[in-house]
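Here is the structure we will look at.
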Amino acid sequence: MKLKSNLISILFFICIFTSCLPIKNDTPERLGENVFESIKGNNYEKFKNCFITKVDLLDLLEISTYNTEQKKTYLAESEEKLKKLLSEMNTAFENLKNDGISAGIEWNDALFQNVEYEIKSLHNIKRAEINLNFQYKGLPFSINLGKCYEVKNRWVMISPPKFDNGNNDI
């Protein structure tokens with residue numbers, strides 16, 4: 001009986017701790033899947049975790065080949081852009097959902113297809129323009145995640161994603 005009780009306790013803690021772990025965006029595919037699932041599941045917190053943070057920005061500059069002066073300039077410019085991005089995240093989330101609804105999509109029935117991207121490297125920083133593709137009622141749609149960067153094995157968006165109905169209205 002005690003063994004069963006201990007096993008239940010262990011399983012309970014595993015469930016709690018794994019549900020609290022941050023989402024993994026270790027590949028462009030996972031980033032795309034997580035953005036799609038956050039919209040489909042109406043999960044703003046998951047969506048928010050797909051964006052660059054101040055810590056990510058500092059990590060990017062640390063690994064970059066920019067000289068010290070360039071890093072200072074880039075940091076100053078990026079901090080303002082980051083503040084603006086953070087203030088636009090909720091609006092971007094709502095816009096994506098609503099643009100899909102306006103095109104006739106019922107998000108619960110949308111099906112993820114794939115992610116298209118090409119990784120490039122500049123100043124020792126990996127980046128990619130990422131598009132995620134999905135279907136609704138057999139019609140193709142996409143969401144452009146824009147430029148995304150890899151930071152310590154985690155891919156992040158640096159701008160609000162945009163819905164593309166591909167001229168498909170339901």
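The values are calculated or read from the model by the stated rules, or taken from the named source; none is laboratory data. Please read all numbers here as calculations on a predicted model, not as lab measurements. A quick note on method: Cβ atoms are made from the backbone with ideal geometry, for glycine too, and the neighbour counts reach across all protein chains shown.
Overview of values
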read-out	value
Only listed residue being under 19 Å from P161 (Cα atoms), touching a Leu at 6+ places or on another chain (Cβ under 6 Å) and modelled with pLDDT of 90 or more, chosen from N42, N25, N34	N25
Scan of the range 95-146 for residues that are under 30 Å from Q70 (Cβ atoms), of a type in the set (D, E, K, R) and within 17 Å of the chain's Cα centre (by Cα), ordered by number	E118, K126, R127, E129
Residue within the range 74-95 that is within 16 Å of E33 (Cα to Cα) and part of a strand (DSSP E or B) present	no
Residues (assigned to a helix (DSSP H, G or I) and closer than 29 Å to F36 by Cβ) located in the range 46-73	K46, F47, K48, K54, V55, D56, L57, L58, D59, L60, I63
Out of G166, G138, G104, G146, sole residue that is at pLDDT below 90 and among the small types (G, A, S)	G166
Matching residues in the range 117-170 - criterion: being surrounded by 15 or more Cβ atoms within 10 Å (Cβ to Cβ) and of a type in the set (D, E, K, R)	K126, R127, E129, E150, R154, K162, D164
Any pair with Cβ under 8 angstrom, 6 or more apart, that starts in the range 150-166 at a residue that is of a type outside the set (A, V, I, L, M, F, W, C) and ends at one that is assigned to a loop (DSSP other than H, G, I, E, B) and surrounded by fewer than 19 Cβ atoms within 10 Å (Cβ to Cβ)	N153/D26; R154/K24; R154/D26; N165/A103
Residue match in the range 4-19 (condition: at pLDDT 90 or above, surrounded by 10 or more Cβ atoms within 10 Å (Cβ to Cβ) and over 9 Å from the mean Cα position of the chain (by Cα))	no
